[in-house]
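Below is one structure, written out as structure tokens; the observations come after it.
The values are calculated or read from the model by the stated rules, or taken from the named source; none is laboratory data. Everything quoted here is computed from the prediction, not taken from an experiment. FYI the Cβ positions are ideal-geometry reconstructions off the backbone, even for glycines, and counts take in every protein chain you see.
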Amino acid sequence: MKNEVLDNLDKLGSCARDDFKNVTDSKKLDELRTKYLGRKSALTDILKKVKEVKQEDRAEVGKRANEVKAGIESLVETATKTIENQKLEKNLKEDWKDVTAPGVRPQRGSLHPITQLMQKTEDIFVNMGFEVEMPYEIDDDYHNFESVNIPKGHPARDAWDTFWTEDKNVLITHTSSMQNRVMKNKKPPIRIIVPGKCFRNEATDARHEHTFYQVEGIYVDKGITMTDMLGTLKTYFEAFFEKDIDVKFIPDYFPFVEPGGQIALTCVLCDGKGCKVCKGSGWLEILGCGMIHPKVLEMAGIDSTSYTGFAWGFGLERLIMLKHNINDIRLFHKGDLRFIKQFN
Ligand code: PHE
């Protein structure tokens, strides 16, 4: 009897060792635990037989039975740990989160179309070697008018409907208000653009706003000519509209430039074929410009006998309207989300 029981215990032990080698999930582990340690297990059956073993052999058989039981329990324990580790590793691989990684900022809104295209404009000119300077939104009479050759009482003042503050300062009517400062503070070669908000005291309609953005440009050095101006502006317009564009100079009057004029571009809507927007001409008059008046150079302390320069000023909204086919300038400041969201 003793040998039979010992034999069965050994067989059970080696059987268990084989079985536990293949445990890969907790369901299988539960099955084996019941099979080897449960109430109806082979071990229970064998233990029942210990009573039938002779008195003097019982201690030996009982000891072996306990060893086999402890062996199986440790197999269960090892398998449990292995399965837990495997689960952990799988989670780490699949659900990996680096808590030290920088967060992803949720997108809340987007830049206003004016901001977007102002940035594009600045990038284009910066790539051509221009610096960017911001204007004062409220400035004095001298900088907005007198320093650009529009003395008090000059009839040209009527061309700029002006908002005056009570202390006789000006909500700048154009970014030319920075021409004098920029030329005074820098030494040639001077290449500056001044993007900024301007104000005009006039009735609004689809093409006119009391508040709008201008981009002024100033280039002063020895030997600067009109050709440089046309080339600079053509380069800008081609980069802005992302297509080939022709420019031409149409004489016009501004007190601070001589000769002064307008730049006209190939109509970007019909590519010069003639349409409603360009009134069939194929051209769009888009900005004021010219060679800086010698008086304006001198007022800024630049010797007009050795230096020349050009300046321009254009309204940014007009360009955005052409680029995106927008028919009313008032949309820009209306705060209508249906409009704004189209530029996300
Ligand atoms: N300041 C002018 C305007 O507001 C534009 C301009 C700038 C014209 C520079 C010539 C030279 O209309």
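Out of GLU122, GLU89, GLU77, GLU67, I need the residue that is outside the structural domain of ILE218 (by TED's automatic domain parsing), surrounded by 11 or more Cβ atoms within 10 Å (Cβ to Cβ) and acidic (Asp, Glu). Which one?
Just one listed residue meets the conditions, GLU67.
Looking only at segment 295-305, how many residues end up being in a loop (DSSP other than H, G, I, E, B) and either in contact with a helix residue (DSSP H, G or I) (Cβ under 8 Å, 6 or more places away or on another chain) or within 16 Å of the ligand (Cβ to nearest atom) (or both)?
The number of residues fulfilling the criteria is 5.
Could you tell me whether any residue of segment 298-307 is touching a strand residue (DSSP E or B) at 6+ places or on another chain (Cβ under 8 Å), under 25 Å from THR235 (Cβ atoms) and without any contact (Cβ under 8 Å) to a residue 40 or more places away in the chain?
Checking segment 298-307: not a single residue is touching a strand residue (DSSP E or B) at 6+ places or on another chain (Cβ under 8 Å), under 25 Å from THR235 (Cβ atoms) and without any contact (Cβ under 8 Å) to a residue 40 or more places away in the chain.
Per-residue answers, yes or no, for (1) out of contact with any Phe, Trp or Tyr (no Cβ under 6 Å at 6 or more places or on another chain); (2) closer than 30 Å to SER14 by Cα; (3) at pLDDT 90 or above:
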| site | (1), (2), (3) |
| --- | --- |
| LYS81 | yes, yes, yes |
| LYS87 | yes, yes, no |
| GLU94 | yes, no, no |
| LYS97 | yes, no, no |
| PRO102 | yes, no, no |
| GLN107 | yes, no, no |
| SER110 | yes, no, no |
| PRO113 | no, no, yes |
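Select, from MET134, MET118, MET183, the only residue that is assigned to a loop (DSSP other than H, G, I, E, B) and touching a residue at least 12 places away in the same chain (Cβ under 8 Å).
Checking each option against the conditions leaves just MET134.
Of the residues in segment 244-294, how many are near the ligand (Cβ under 9 Å from one of its atoms), in a loop (DSSP other than H, G, I, E, B) and surrounded by 21 or more Cβ atoms within 10 Å (Cβ to Cβ)?
Counting residues in segment 244-294 that are near the ligand (Cβ under 9 Å from one of its atoms), in a loop (DSSP other than H, G, I, E, B) and surrounded by 21 or more Cβ atoms within 10 Å (Cβ to Cβ) gives 2.
Only residues that are within 16 Å of the ligand (Cβ to nearest atom) and not in a helix (DSSP H, G or I): list them for segment 306-342, please.
THR308, GLY309, PHE310, ALA311, TRP312, GLY313, PHE314, GLY315
Confirm whether LEU331 is within 25 Å of ILE192 (Cα to Cα), at pLDDT 95 or above and either in contact with a helix residue (DSSP H, G or I) (Cβ under 8 Å, 6 or more places away or on another chain) or among the basic types (Lys, Arg) (or both).
no
Among (1) away from the ligand (no atom under 13 Å from the Cβ); (2) closer than 17 Å to PHE199 by Cα; (3) of a type in the set (Lys, Arg), there is one condition ARG181 misses while meeting the rest; what is its number?
Status for ARG181: all satisfied but (2).
Please pick out the residue among THR78, THR24 that is assigned to a loop (DSSP other than H, G, I, E, B) and within 60 Å of the chain's Cα centre (by Cα).
THR24
Within segment 129-176, count every residue that is more than 12 Å from the ligand (Cβ to nearest atom) and under 31 Å from the mean Cα position of the chain (by Cα).
9
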